[in-house]
1. Distance from the Cα centre of region 1-78 to that of region 83-159, in angstrom?
2. Between Arg110 and Ala167, what is the spin-label point distance in nm, taking each point 7 Å from the Cα along the Cα→C-beta axis?
3. Could you state the angle between the C-alpha long axis of helix 182-191 and the longest principal axis of the C-alpha atoms of the chain, as a value from 0 to 90 degrees rounded to the nearest 10?
4. Please give the FRET efficiency for Asn243 paired with Glu128, using the beta carbon to beta carbon distance and R0 = 35 Å, rounded to the nearest 0.05.
5. Of the trypsin sites (Lys or Arg not before Pro) in region 160-262, which ones lie in a loop per DSSP and count no more than 10 other C-beta atoms within 10 Å?
6. Could you identify which residue out of Gly85, Gly246, Gly206 has the top mean-square fluctuation in a GNM of the chain using Cα springs shorter than 10 Å?
7. Helix-derived [θ] at 222 nm for the chain: sum -39500 (n - 2.57) over DSSP H runs of at least 4, divide by residue count, nearest 500?
8. Can you pull out the trypsin sites (Lys or Arg not before Pro) in region 96-164 that DSSP calls coil and that have at most 15 other Cβ atoms within 10 Å?
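Rule-based calculations on the coordinates, nothing more; no lab input. Because the structure is a prediction, the values reported are computed rather than measured. Every residue, glycine among them, receives a Cβ derived from its backbone with ideal geometry; neighbour counts consider all protein chains shown.
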Amino acid sequence: MSGQDPFDLPEHVESVVGPLSRRLVVNRRGSTVWDVRTRRGRRAVKLGYPTPRHAWTALAPAREAAILRQLTAPDEIQSGDWDGGTWSAQPWHEGESLFDLWGPGRHHLRPAAPDLAQARSCAVTLAELHDRGWAHGDVQPNHFIVGPAGTRLIDVALAHGGEVPAAYDYRYRGCLVHYEAPEISRSVLESGTAVPSTAADVYALGASYFISATGWRHVDYPDAATREDQRRAVVDKPHRVVNVPGPLGGLIDRMLSRSPADRPSSADVSRELCDLL
């Protein structure tokens with residue numbers, strides 16, 4: 001949690017969104033997210049605010065909204081400013097995250113063979129984003145929502161590939177280190193920033209498959225390690241042995257290659273998984 005009470009919807013946001021009911025989903029790391037029911041359907045309403053370590057989180061909802069307007073129907077996206085930062089509203093996607101879906105088969109030593117159709121649906125969704133010229137920059141298993149309408153890749157506030165208003169833009173400083181590729185961690189350690197790439201997204205997808213199937217992070221480091229120490233481990237240490245059974249294990253191993261040029265593309269991953277079905 002963020003250590004403070006969640007921010008409620010400001011009055012002017014309520015007037016735009018028209019909530020009938022709301023449910024708190026997230027309140028941490030500079031973001032409060034509500035699942036809001038409206039006459040137009042369910043909406044994910046995000047309030048961004050600065051944290052002591054990161055001012056950019058206040059801009060994230062508006063930056064994400066600018067990207068979503070380029071990827072989806074623009075009239076489905078609403079955004080603006082509020083006293084604490086920026087806000088956005090977008091369609092709610094019903095389903096379960098990849099991490100939750102694979103939970104019943106997750107075991108550190110003897111994981112069950114993952115569902116290849118679900119794995120492929122995540123790769124297809126990522127490949128579609130890449131085909132449109134975007135790198136996601138924050139691929140993780142909780143950002144793949146598998147539901148009745150298909151698989152959605154959410155949380156694109158760190159994506160790169162199109163125009164973003166200067167007032168809401170900010171430099172990319174990496175993502176959750178559990179899924180960072182070595183070249184991203186190295187760049188953040190050396191300069192404080194990095195450039196998202198499709199190859200790094202593929203690495204993150206491989207790390208997402210691995211942790212969802214086994215419960216292990218792709219690289220071993222203590223739970224209490226600082227972000228800097230986590231990134232040094234990603235840069236300096238080999239990834240864990242991929243013990244995921246079935247054909248997905250070998251594919252994950254290639255996705256976690258230290259060299260971006262040696263990784264399959266997201267389209268390659270999708271095709272290989274299709275051939276396995």
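1. Cα centres, region 1-78 to region 83-159: 19 Å.
2. 6.0 nm
3. 60 degrees
4. Values: r = 30 Å, r/R0 = 0.85.
About 0.70, to the nearest 0.05.
5. Working: sites: Arg171, Arg173, Arg186, Arg217, Arg227, Arg231, Arg232, Arg240, Arg254, Arg258; in loops: Arg171, Arg173, Arg217, Arg240, Arg258.
Qualifying residues, ordered by number: Arg171.
6. Gly246
7. Working: 9 runs with 96 residues, N = 277.
Helices in the chain give a 222 nm mean residue ellipticity of -10500 deg cm²/dmol.
8. Arg132
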